[in-house]
Amino acid sequence: MKSFKYSMPSEIYFGKEAVLNNRELFKRYEGKAFIITGKSSSRKNGSLEDVIKALEYCEAEYILFDEVEENPSIETIGRAAELGREENISFIIGIGGGSPIDAAKAIGILINNKEYDARSVLGAPPLKSVPLIAVPTTSGTGTEVTQYSIVTDHADKTKKNLGQSVFADITFLDPKYMMDMPYSITVSTALDAFSHLAEAYLNTGANLLSDTYAEKGMDIFGQCLKPLINNTLDYEIREKLLWASTLGGMAIAQVGTSLPHGMGYALTYFKGLPHGKANCILYREYFKVFKDKSRINKILNIIGLNTIDELGDIISKLLNVDIEVTEEELREYTEAFAGNEAKLKNHPEKITKEEIYNIYSKSLLK
Ligand code: NAP
Ligand code: ZN
């Protein structure tokens with residue numbers, strides 16, 4: 001059996017009213033809290049209110065930064081960090097989807113390391129963040145249990161990993177925040193969760209532990225497929241999607257993501273495709289190119305399907321994406337991705353540039 005290391009230091013509190021039922025935990029930190037969130041959803045789904053109630057119960061001071069955009073930019077992160085430094089904050093609470101929580105991780109690093117700014121921190125040696133609490137309101141990224149922070153670098157016209165390891169100290173998982181999530185965001189984030197589970201399973205580093213998480217997560221995701229297709233998303237299904245997403249996060253925290261994630265960044269950056277859709281639009285062709293069909297067949301079997309095309313058809317129906325790309329653009333994306341060694345090394349098989357281009361072109365050219 002392959003040797004492996006396992007580390008996942010976040011405490012998880014899962015279930016209805018996870019924040020308020022565990023509000024004593026906020027007493028663990030002294031000083032001022034810095035709440036980082038997106039523009040409006042956390043106000044509507046009750047997550048911001050719960051966190052504020054918990055802080056008030058603990059008589060903790062706080063300030064709020066609610067300007068994190070989707071695919072957070074280095075510039076926004078820099079602005080928030082400046083505010084956090086001025087206000088002398090001592091811990092961070094990221095509330096929302098992957099964007100605000102990833103931003104919170106980067107902001108936490110900058111507040112604790114004043115010699116860096118949001119650009120120079122890219123490529124810095126390992127740094128520590130101030131303590132972080134995560135309250136996810138989407139069920140897709142798993143960022144609440146991963147060390148990654150994905151930021152948008154407009155200078156390089158791409159998204160990249162901050163390159164630091166920041167795990168949340170505490171993660172509160174409450175499916176009630178997802179109950180009114182629009183269908184399109186639900187689909188995109190659910191597919192993101194599936195892509196983490198699958199890319200961890202088809203990964204160079206796949207091991208006993210990441211496989212255990214991935215297999216269980218895919219089993220749960222499979223139970224959600226019909227409700228996703230039929231848009232019958234009750235509490236029980238929301239709960240399952242959240243757990244599948246967290247398991248996906250725990251799996252990629254160990255082994256990382258691979259080709260579709262790296263290839264999808266260009267589709268998000270240049271074509272505005274949401275992250276989960278950008279990965280999964282490539283999945284039919286990614287699975288076809290993957291040579292070890294025993295692992296592919298295992299995935300299909302776990303989620304209750306028979307063929308790659310059956311999965312591809314379901315994904316196409318769920319995605320409902322219509323984007324215009326040219327051969328020339330796809331050649332450029334292929335060139336850029338060919339330099340992404342971090343993702344390529346996670347793909348356990350030899351793959352040529354032409355095969356990468358073919359994944360793009362067969363998935364996207366009409
Ligand atoms: P997101 O970009 O955080 O949010 C997408 C949209 O969903 C926003 O408009 C947001 O509104 C809204 N939203 C969030 N929660 C909602 C809810 N409960 N009800 C209704 N609307 C809601 O989406 P995401 O897919 O969760 O995160 C994507 C980002 O995470 C990408 O940058 C991706 O690269 C990154 N990611 C990170 C990891 C990791 O391990 N760190 C893994 C995968 C992906 P507001 O703006 O108003 O809040
Ligand atoms: Zn992802």
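Among residues of the stretch 101-116 that are touching a residue at least 12 places away in the same chain (Cβ under 8 Å), those with a beta-carbon under 8 Å from a residue that is among the β-branched types (Val, Ile, Thr) and assigned to a helix (DSSP H, G or I) at least six positions away or on a different chain give the pairs 101/143; 102/143; 103/76; 103/77; 105/143; 106/77; 107/77; 110/77. When 156, 180, 192 are screened for being over 13 Å from residue 74 (Cα atoms) and more than 14 Å from ligand 2 (Cβ to nearest atom), only 180 passes. Within the stretch 140-188, the residues that satisfy the criterion of being on the phi > 0 side of the Ramachandran plot and either in contact with a Phe, Trp or Tyr (Cβ under 8 Å, 6 or more places away or on another chain) or open to solvent by less than 30 Å² (accessible area, probe 1.4 Å) (or both) are 142, 157. Looking at the stretch 259-270, is at least one residue more than 13 Å from ligand 1 (Cβ to nearest atom), open to solvent by less than 60 Å² (accessible area, probe 1.4 Å) and of a type outside the set (A, V, I, L, M)? No: the stretch 259-270 contains no residue that is more than 13 Å from ligand 1 (Cβ to nearest atom), open to solvent by less than 60 Å² (accessible area, probe 1.4 Å) and of a type outside the set (A, V, I, L, M). Within the stretch 111-122, is even one residue within 15 Å of ligand 1 (Cβ to nearest atom) and of a type in the set (Asp, Glu)? Scanning the stretch 111-122, I find no residue that is within 15 Å of ligand 1 (Cβ to nearest atom) and of a type in the set (Asp, Glu), so the answer is no. Kindly check whether there is at least one residue in the stretch 217-224 that is over 30 Å from residue 1 (Cβ atoms), surrounded by fewer than 18 Cβ atoms within 10 Å (Cβ to Cβ) and at pLDDT 95 or above. Checked the stretch 217-224: no residue is over 30 Å from residue 1 (Cβ atoms), surrounded by fewer than 18 Cβ atoms within 10 Å (Cβ to Cβ) and at pLDDT 95 or above.
Taking the numbered list (1) open to solvent by less than 20 Å² (accessible area, probe 1.4 Å); (2) out of contact with any Lys or Arg (no Cβ under 7 Å at 6 or more places or on another chain); (3) under 16 Å from residue 139 (Cα atoms); (4) not acidic (Asp, Glu) in turn, residue 210 passes all entries but (3). Within the stretch 114-124, one or more residues are at pLDDT below 95 and open to solvent by 10 Å² or more (accessible area, probe 1.4 Å).
Among helices (runs of 4 or more DSSP H) entirely within the stretch 1-109, having at least 3 residues that are open to solvent by 10 Å² or more (accessible area, probe 1.4 Å) singles out 41-44, 47-57, 74-86.
You will find that of 213, 235, the residue that is more than 16 Å from ligand 2 (Cβ to nearest atom) and closer than 25 Å to residue 13 by Cβ is 235 and no other.
The values are calculated or read from the model by the stated rules, or taken from the named source; none is laboratory data. No experiment lies behind these values; they were computed from the predicted model shown. Neighbour counts are summed over all protein chains in view; Cβ atoms, including those assigned to glycine, are modelled from backbone coordinates with ideal geometry. Note: areas computed on protein heavy atoms with side chains; ligands, DNA, RNA excluded. Shrake-Rupley method; radii C 1.70, N 1.55, O 1.52, S 1.80 Å.
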